[in-house]
Amino acid sequence: MQDGHCALAMEQQARILGAPCNFNYENGGNHMKRNVLFRRGLLMALCLIGAASALNAQTLLGSGATFPAPAYTKMFDEYYKATGIKVNYQAIGSSGGLKNIQDRVVDFGGSDSFVKDTDFAKYPASIMHIPTVIGAVVVTYNLPGNPALRLTGEVIADIYLGKITKWNDKRIAELNPAVKLPNMAIMPVYRSDGSGTTFNFTAYLSAVSTEWKSKVGNANSVSWPAGQGAAQNAGVAGVVKQTPGSIGYVELAYAHQSNMPAAAIKNSSGVWVDASLASISASAAGAFPPDSRILLVNTNAKEGYPISALTWIIVYREQKYASRTLEQAEHLAKLLWWMIHDGQNFVEALDYAKLPAPAIKAAEAIIKSITYDGQPVLK
Amino acid sequence: MNDRRFNALLGLAALLIVFVFAGFVLTLVVQSLPAVKQEGAAFLYGSEWNPVTARFGALPFIIGTLLTSSIALVIAIPLSLSAGIVMGEYVRSGWLRSLLNTLINVLASIPSVVFGLWGIEVVIPLVRNLAVLIGAPPYGAGILSASLVLAIMIIPYMSSMTREALMNVPAGLREGAFALGLTKQEVVTGIALPFARQSIFAGILLSLGRALGETMAVTMLIGNATRIPDSLFSLGNTLASVIASQFNEAASDVHRSAMMGLALMLLLITMIAGWFGRTLMRKGASAYGK
Amino acid sequence: MENNVFKSRHQTRAQKDRFFKFAVMIPAGIVVALLVLILAQVVINGARALNVDFFFKEQKPFGETGGGIVQAIVGTIMLLGISLVVALPFSLLASLYLYEHRGSKRAKVLATAINTLQGIPSIVIGVVIYSWIVVPLRSFSSLAGGVALAIVMLPLMTSMIHASLEMVPSSYLEAALALGVPRWRAIIDIILPASASGILEATSLGVARAAGETAPLIFTAFGNPFLSLSLKGPVSALPLVIYEYIKSPYDDWHQKAWGAALLLVLFVLILNVLIGSRKKH
């Protein structure tokens with residue numbers, strides 16, 4: 001006779017098998033006392049929940065691009081210290097941010113790929129792009145000794161096309177004569193989620209490799225001919241860090257924060273450039289469109305890093321939608337204003353370039369045109 | 001409060017639950033219609049899943065799901081049967097029995113995400129080294145890693161159901177066999193296992209249903225590649241893992257609808273496996289005359 | 001005189017018996033060893049992360065070391081509270097319905113619905129709740145997360161509570177009815193208390209199950225680096241931080257992921273052991 005133990009009570013099926021369960025039976029007890037206690041406890045719990053909800057500080061919710069997430073999370077941490085306003089930013093990838101903004105389940109979205117004119121119809125109302133920081137997509141890798149490598153755009157494209165499969169391939173070796181390259185397989189790592197980083201990276205590859213342009217193209221999500229997918233910048237960095245022989249494209253901060261190397265790339269002027277504040281700023285030094293939608297890759301600047309990228313925060317122009325209050329709109333506009341002014345002081349430590357003056361001017365104009373019920377929010 | 005009101009309250013709650021369940025199925029069906037309309041049957045057998053070109057063929061994920069679950073079963077069955085036999089036949093009482101039971105319960109209650117965490121730190125490097133040894137692409141992640149961890153996750157369920165099935169073999173049958181001079185092994189393989197085989201099989205089916213729907217550990221270990229896997233060391237995706245990866249960024253209406261279609265598919269196959277398992281289990285139980 | 005044939009047949013059978021015992025003990029031993037290995041790893045790696053900051057500080061920006069996961073600890077407690085408040089009443093009422101109407105066609109319908117709900121992968125639950133709650137309310141919220149977890153808990157709790165109701169001897173109910181107690185009163189004041197330990201077990205297991213769920217939370221609770229007690233806004237949870245941190249390249253976050261895993265496993269273990277020790281009485 002079994003002692004009545006119900007294995008895996010989680011599964012009722014064991015019980016159906018007929019294993020009897022001997023439970024403890026308490027006496028009925030003082031039910032009056034129990035009822036009163038229960039009701040009082042419930043009341044208290046409800047009061048607590050209500051109070052907690054009321055006491056919560058004003059918060060803003062954003063989601064999207066992982067490219068600027070180190071800069072954003074740092075900025076929002078400082079913003080909280082300065083103003084007490086909590087900004088919850090969930091880095092889920094640019095496509096995720098765009099979807100959340102479309103569904104209007106967040107206050108703002110982050111994206112390193114701007115929305116094309118033809119895609120505006122997907123959004124229930126007109127959206128605006130506010131530029132925030134400029135970063136660099138670097139090519140990082142995991143090799144014994146982590147040597148400093150030089151790679152050209154064509155070589156990178158061919159690695160991701162699956163045409164160059166070994167690290168000691170002569171096309172890599174001739175660019176790096178001083179480095180003893182191992183006979184290891186190259187494992188390309190790409191973004192499995194829809195990504196603005198991918199958008200900029202594939203834009204660069206399309207510019208320098210006609211085969212890439214025709215075979216794969218340029219978008220947030222492409223059909224990668226070779227390699228392994230990982231989610232978010234953090235995921236790609238994580239996989240490359242743990243997989244010997246792998247190569248991946250990530251924002252500079254992720255590589256630096258994890259002590260991972262970044263390849264020097266030959267830009268369109270023929271200069272070998274490492275990603276740095278100087279080279280990123282150089283690539284953003286040109287003219288700036290008033291709606292701020294600009295692609296910085298394959299820059300003409302002589303010392304510019306060829307895979308630099310601007311990133312944006314996406315909001316609706318008209319903030320009165322879905323029971324949003326004027327106060328919420330004001331908080332949002334103030335946050336954005338802070339991000340392009342005081343917030344810029346925190347980004348250089350993370351190797352993001354500050355917005356150049358023309359970008360700030362354009363951004364100010366855009367933020368000033370945010371309205372609530374037709375009236376500008378920021379006076 | 002009186003009897004009538006009490007029964008009305010009970011009925012209301014029951015109705016609500018049934019509505020929620022029906023609502024689930026309805027939501028999935030209605031929201032997946034656009035994608036199914038566009039793709040037709042190709043939704044099931046199409047091998048290209050490309051949100052950019054708006055092609056949604058779910059075959060890579062169906063294959064990934066079936067492959068990982070089957071391999072997990074193949075690994076788990078011998079281990080679970082042995083553990084179940086040991087618990088149900090050899091260690092039927094005493095402190096060792098309680099210890100084993102507790103251990104199995106603990107294994108069953110470890111959350112999926114913790115298995116994924118352990119898999120990333122332990123299983124992936126092992127599989128990567130194995131791949132290097134035999135010359136396969138050394139990703140580490142992939143079908144094999146996901147299947148291994150999936151197997152470990154379903155072992156507790158299968159082994160405890162095996163144990164219960166064996167412990168329900170009527171004592172008279174067993175004692176009679178021993179009285180006739182059969183060895184323990186002969187009793188187990190000749191009497192107990194055949195008697196309990198329907199319930200054991202039901203346990204396997206129920207564990208399969210669980211494996212099919214397993215999300216987190218698989219997502220973290222399978223490599224997120226949208227292609228049909230061609231080897232154990234290939235990267236892939238299952239229905240559950242692609243939903244976890246792509247749902248929160250499916251922006252176009254068709255893409256969203258396709259995601260709902262995948263969820264509906266997942267719902268249906270786990271429902272079918274579960275239904276088969278439960279029916280078999282009921283048949284097995286009634287065979288005992290209970 | 002010895003019958004050699006008989007003896008050798010006996011020896012072969014004895015050998016097979018020993019061999020079989022050996023053959024099943026090994027895989028069973030492998031299973032036990034695996035479990036011990038996994039638990040040991042969680043404890044060893046997780047213990048490294050535990051310090052005062054871990055329990056009381058919030059998340060730091062990407063790449064910075066230090067800080068803690070208080071937002072996830074509180075978030076998990078909050079989500080479990082919400083899901084219990086939603087699931088327990090429904091589980092009780094549904095179990096009572098099955099108890100009162102056992103055998104009827106309607107009870108079979110309810111039982112089928114509940115059994116099928118049990119097999120639904122939790123990610124599907126998250127996807128549907130996103131449509132039902134997150135989008136209409138225009139926000140990710142702990143409420144949505146709690147409701148999703150409640151649906152995960154409900155089938156398990158209902159079947160266990162129903163089983164423990166059925167185990168109460170019918171003589172209890174019959175005696176009460178014979179004494180003139182109204183049926184509804186008899187059920188609430190006699191049957192329910194008599195199954196109290198079964199209800200407690202069901203609740204513990206339901207909570208233990210829900211505590212480890214990640215998939216439904218990805219699209220409902222969403223995550224939050226800040227401590228939040230709001231029903232209407234996103235909230236963090238232990239499984240969510242494990243998932244997020246382990247994907248990253250940061251060693252500090254990896255360590256915290258193990259720490260969070262240790263907390264989760266301890267929590268679930270305690271709930272299971274609590275039930276286990278009650279049984280022994």
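The values are calculated or read from the model by the stated rules, or taken from the named source; none is laboratory data. Because the structure is a prediction, the values reported are computed rather than measured. Please note: Cβ atoms are built from the backbone with ideal geometry, for glycine as well, and neighbour counts cover all protein chains shown.
Key figures
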read-out: Scan of segment A:298-319 for residues that are buried (at least 24 other Cβ atoms within 10 Å of the Cβ), in contact with a helix residue (DSSP H, G or I) (Cβ under 6 Å, 6 or more places away or on another chain) and closer than 15 Å to A:A207 by Cα, ordered by number; value: A:T299, A:Y305, A:I307, A:S308, A:A309
read-out: In segment C:22-39, the residues that are within 17 Å of B:I85 (Cβ to Cβ) and either at the interface with chain B (Cβ under 7 Å from one of its Cβ atoms) or under 25 Å from the mean Cα position of the chain (by Cα) (or both); value: C:V24, C:M25, C:P27, C:A28, C:I30, C:V31, C:V32
read-out: Residues satisfying the stated conditions in segment A:72-98, i.e. farther than 14 Å from A:L336 by Cα and either among the aliphatic types (A, V, I, L, M) or in contact with a His (Cβ under 9 Å, 6 or more places away or on another chain) (or both); value: A:A82, A:A91, A:I92, A:L98
read-out: Test result for C:G233, part of a helix (DSSP H, G or I) and crowded, with 22+ Cβ neighbours inside 10 Å; value: no
read-out: Per-region count, segment A:62-90, residues over 15 Å from the mean Cα position of the chain (by Cα), within 23 Å of A:V105 (Cβ to Cβ), more than 9 Å from chain C (Cβ to nearest Cβ) and not β-branched (V, I, T); value: 1
read-out: Failed item in (1) more than 7 Å from chain A (Cβ to nearest Cβ); (2) touching a helix residue (DSSP H, G or I) at 6+ places or on another chain (Cβ under 9 Å); (3) free of Cβ contacts under 8 Å to residues at least 24 places away in the same chain, with B:L180 passing the rest; value: (2)
read-out: Out of B:A35, B:A72, sole residue that is in a helix (DSSP H, G or I), modelled with pLDDT of 95 or more and not β-branched (V, I, T); value: B:A72
read-out: Qualifying positions in segment C:82-107 - of a type in the set (F, W, Y) and more than 8 Å from chain B (Cβ to nearest Cβ); value: C:Y99
read-out: Selected residue (criterion: surrounded by the fewest Cβ atoms within 10 Å (Cβ to Cβ)) from residues of segment A:103-137 that are of a type in the set (D, E) and over 15 Å from the mean Cα position of the chain (by Cα); value: A:D117
read-out: Hey, C:L217 surrounded by fewer than 24 Cβ atoms within 10 Å (Cβ to Cβ), within 12 Å of chain B (Cβ to nearest Cβ) and either modelled with pLDDT of 90 or more or in a helix (DSSP H, G or I) (or both) or not; value: no
read-out: Some residue of segment A:251-266 being under 19 Å from A:D351 (Cα atoms), at pLDDT below 95 and among the charged types (D, E, K, R); value: no
read-out: Residue match in segment C:184-195 (condition: crowded, with 24+ Cβ neighbours inside 10 Å, touching a helix residue (DSSP H, G or I) at 6+ places or on another chain (Cβ under 9 Å) and aliphatic (A, V, I, L, M)); value: no
read-out: Enumerated helices (runs of 4 or more DSSP H) restricted to segment A:184-260, each holding at least 2 residues that are charged (D, E, K, R) and either at the interface with another protein chain (Cβ under 9 Å from one of its Cβ atoms) or surrounded by fewer than 24 Cβ atoms within 10 Å (Cβ to Cβ) (or both); value: A:210-215
read-out: Qualifying positions in segment A:306-350 - farther than 30 Å from A:Y249 by Cα and not in a helix (DSSP H, G or I); value: A:Y316, A:R317, A:E318, A:Q319, A:K320, A:Y321, A:A322, A:S323, A:R324, A:T325
read-out: Test set (1) free of Cβ contacts under 8 Å to residues at least 24 places away in the same chain; (2) under 23 Å from the mean Cα position of the chain (by Cα) - B:I63 fails condition number; value: (1)
read-out: Candidate set: segment B:1-42, residues that are more than 9 Å from chain C (Cβ to nearest Cβ) and polar (S, T, N, Q); chosen: the one farthest from the chain's Cα centre (by Cα); value: B:Q38
read-out: Residue in segment A:148-160 that is within 14 Å of chain B (Cβ to nearest Cβ) and either in a loop (DSSP other than H, G, I, E, B) or among the polar types (S, T, N, Q) (or both) present; value: no
read-out: Options C:M160, C:M167; residue that is over 24 Å from B:M1 (Cβ atoms) and surrounded by fewer than 24 Cβ atoms within 10 Å (Cβ to Cβ); value: C:M167
read-out: Test: A:Y190 is touching a residue at least 60 places away in the same chain (Cβ under 8 Å) and hydroxyl-bearing (S, T, Y); value: no
read-out: Condition broken by B:Y45, with the remaining ones in (1) away from every other protein chain (no Cβ under 12 Å); (2) modelled with pLDDT of 90 or more satisfied; value: (2)
read-out: Set C:G63, C:G68, C:G46: member being more than 20 Å from the chain's Cα centre (by Cα), outside any helix (DSSP H, G or I) and closer than 21 Å to C:P239 by Cβ; value: C:G68
read-out: Tally, over segment A:90-134, of residues that are assigned to a helix (DSSP H, G or I), polar (S, T, N, Q) and within 21 Å of C:F226 (Cα to Cα); value: 1
read-out: So B:S93, is it within 30 Å of A:T243 (Cβ to Cβ) and among the polar types (S, T, N, Q); value: no
read-out: Whichever residue in segment C:120-135 is in contact (Cβ under 8 Å) with a residue 40 or more places away in the chain, closer than 15 Å to B:G209 by Cβ and assigned to a helix (DSSP H, G or I) and, among such residues, is nearest to the other protein chains (Cβ to nearest Cβ); value: C:I123
